[in-house]
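Quick notes on the structure that follows.
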Amino acid sequence: MKISYVINPDLKPKEVSALFVSSGIRRPVKDIGRIKRMIKNANLTICAKDGKNLVGILRAVTDFSYCCYVSDLAVDKKYQHLGIGKKLLKTAQKSLGNEVMILLLSAPEADSFYSHIGMENIQNAWKIARKR
Ligand SMILES: CC(C)(COP(=O)(O)OP(=O)(O)OC[C@H]1O[C@@H](n2cnc3c(N)ncnc32)[C@H](O)[C@@H]1OP(=O)(O)O)[C@@H](O)C(=O)NCCC(=O)NCCS
């Protein structure tokens, strides 16, 4: 199976919503208007495609100079454990370069994935939670 990786592709909100569902990630998938804004206003999005089918996504906001927040990393369950999630992060790291720190919030079930691929766990993160 040949997976291609595309940086900042055109994406349809409905295909992203469907990918979120098929990956198991929790996102506001029924609110297509909000998904549309999430795609439009992210400034680094990397997709994994099997032919025309979207099978993985990394969606982030970054200044390309100092920091990058990865909001979504999701791979279709049928395509998990094939190296796609790791490759999406590596592709982001490569395109961001050495000056940029990558930060993300892990879902509990993905903690072991981030640890396995060598990311550093930090304790000094703080947040103001969204209300909905
Ligand atoms: C977490 C997720 C993105 C990982 O993507 P993936 O494509 O399945 O992961 P990869 O195949 O790139 O895995 C890379 C390595 O991590 C390992 N790995 C994958 N998932 C793992 C897990 N949950 N725990 C521990 N190791 C894991 C793989 O076996 C592989 O190991 P190897 O390099 O030694 O062979 C994917 O499982 C997913 O979309 N999960 C649901 C959504 C989610 O929780 N996203 C994260 C939100 S913060």
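Rounded to the nearest percent, how much of the accessible area of the stretch 3-116 (1.4 Å probe, protein heavy atoms only) is carbon and sulfur?
On the way: 3620 of 6790 Å².
C and S fraction of accessible area: 53 percent.
Grab the DSSP H runs of the chain that are 4 residues or longer, score each as -39,500 (n - 2.57), total them, divide by all residues and round the 222 nm result to the nearest 500 deg cm²/dmol. Can you show the working numbers first?
On the way: 4 runs with 40 residues, N = 132.
Calculated mean residue ellipticity at 222 nm is -9000 deg cm²/dmol.
Given a 1.4 Å probe, how much area per residue of the stretch 3-116 is accessible, in Å²? Don't skip to the answer; put the middle values down first.
Values: 6790 Å² over 114 residues.
Result: 60 Å² per residue.
Which links in K12/K49; K2/K78; K52/K94; K12/K131; K36/K87 stretch past 18 Å when you go from one Cα to the other? Mind dumping the intermediate values first?
On the way: K12/K49 14 Å; K2/K78 14 Å; K52/K94 24 Å; K12/K131 26 Å; K36/K87 25 Å.
Too far apart for the 18 Å limit: K52/K94; K12/K131; K36/K87.
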Discussion item. Starting from the 7 Å offset along Cα-to-Cβ, what nm value, one decimal, do you get for the label separation of R132 and K30?
Written reply: 1.2 nm
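Using DSSP to define loop residues, name the chymotrypsin sites (Phe, Trp or Tyr not before Pro) in the stretch 78-132 whose beta-carbon has at most 12 other beta-carbon atoms within 10 Å.
On the way: sites: Y79, F113, Y114, W126; in loops: W126.
Qualifying residues, ordered by number: W126.
Give, in nm to one decimal, the length gained when the segment between N124 and V6 is fully stretched (0.36 nm per residue of separation minus the Cα-Cα distance).
Details: separation 118, 0.36 × 118 = 42.48 nm, distance 3.28 nm.
Net length gain for the segment: 39.2 nm.
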Worksheet item: What percent of all Cα-Cα pairs in the stretch 1-119 falls in each 5 Å bin, counting up from 0?
Response: 2, 11, 23, 26, 21, 13, 3, 0
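The values are calculated or read from the model by the stated rules, or taken from the named source; none is laboratory data. Worth saying up front: this structure is predicted, and the values here are computed from it rather than measured. Neighbour counts are summed over all protein chains in view; Cβ atoms, including those assigned to glycine, are modelled from backbone coordinates with ideal geometry. SASA here: full protein model, heavy atoms, side chains in, ligands and nucleic acids out. Shrake-Rupley method; radii C 1.70, N 1.55, O 1.52, S 1.80 Å.
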